[in-house]
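Encoded as structure tokens, the structure appears first; notes follow it.
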Amino acid sequence: ARQGGSLVSLPGTASLALFGGSAPNRIDLQDLWLLHGPTRTWSQITPGQSDPWPAARYLHSAVALSSDVMLVVGGRITTSPSPSLPPACFGDDAWAFVFSADKWVFLGSDMVRAPTPDAPWPGARYGHSTAVVPSVGVVLVGGFETGVMARTAWTWDIVDVLPPSVEAAYSGGRSACD
């Protein structure tokens, strides 16, 4: 059981990906599960332990960029991703999980705007929504910033922030009708 996790449908695969959330004992989760639709079985995905992972979180947003890439943005983060950093309340980071590589890729945050340092970045937030819009990219709306309801919407041409290893797996967010 969990609350505040994300569940995304991976296009063309009959599979769902479940990430994070908060367990009934109020422990934040950073686990990733795949539901195989035809067999109705769950399998936990465990990337390499030496690879970076997003911090445990809930009330984040996630969206499938393709059948192979899931984007996770922001959320409530109550544990620190590094022993040298204090815990954050609201995440401002973005991560992609590439299923074929079995790997999380850090895409950036308000402090680390990779690969374009001068690009605008949405502030730390939780409870927001994201969607892929053909010919636009990823749209992020609403949520809470520092405990106040956000009245902003952001659009990303997501290819601008994807490293080459992820960009190759990204479908471009375009539909067959474009």
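The values are calculated or read from the model by the stated rules, or taken from the named source; none is laboratory data. None of the values given here were measured: they were computed from a predicted structure. FYI the Cβ positions are ideal-geometry reconstructions off the backbone, even for glycines, and counts take in every protein chain you see. Keep in mind that these areas ignore ligands, DNA and RNA; they rest on the heavy atoms of the full protein, side chains included. Shrake-Rupley method; radii C 1.70, N 1.55, O 1.52, S 1.80 Å.
How about the stretch 35-65: which of its residues are farther than 26 Å from Trp156 by Cα, open to solvent by less than 70 Å² (accessible area, probe 1.4 Å) and either assigned to a strand (DSSP E or B) or of a type outside the set (Gly, Ala, Ser) (or both)?
Applying the first criterion (farther than 26 Å from Trp156 by Cα) to the stretch 35-65 yields 35-50.
Of the ones still in play, those that are also open to solvent by less than 70 Å² (accessible area, probe 1.4 Å) are 35-37, 41, 43, 45, 47-48.
Across the stretch 35-65, the qualifying residues are Leu35, His36, Thr41, Ser43, Ile45, Pro47.
The conditions are (1) in contact (Cβ under 8 Å) with a residue 40 or more places away in the chain; (2) surrounded by 12 or more Cβ atoms within 10 Å (Cβ to Cβ), and Asp31 fails exactly one of them. Which is it?
Result: Asp31 passes all but (1).
Take the residues in the stretch 15-28 that are open to solvent by less than 30 Å² (accessible area, probe 1.4 Å) and polar (S, T, N, Q); name whichever of them is farthest from Thr78 (Cα to Cα).
Applying the filter and picking the extreme gives Ser15.
Do the conditions hold for Gly12, that is, is it open to solvent by 70 Å² or more (accessible area, probe 1.4 Å) and modelled with pLDDT of 90 or more?
yes
Considering every residue within the stretch 130-141, establish whether at least one is over 25 Å from Gly12 (Cα atoms) and either at pLDDT 80 or above or open to solvent by 70 Å² or more (accessible area, probe 1.4 Å) (or both).
The answer is yes; a qualifying residue exists.
Only residues that are modelled with pLDDT of 90 or more and open to solvent by 60 Å² or more (accessible area, probe 1.4 Å): list them for the stretch 106-129, please.
Once the filter is applied, which keeps residues that are modelled with pLDDT of 90 or more and open to solvent by 60 Å² or more (accessible area, probe 1.4 Å), the stretch 106-129 yields only Ser129.
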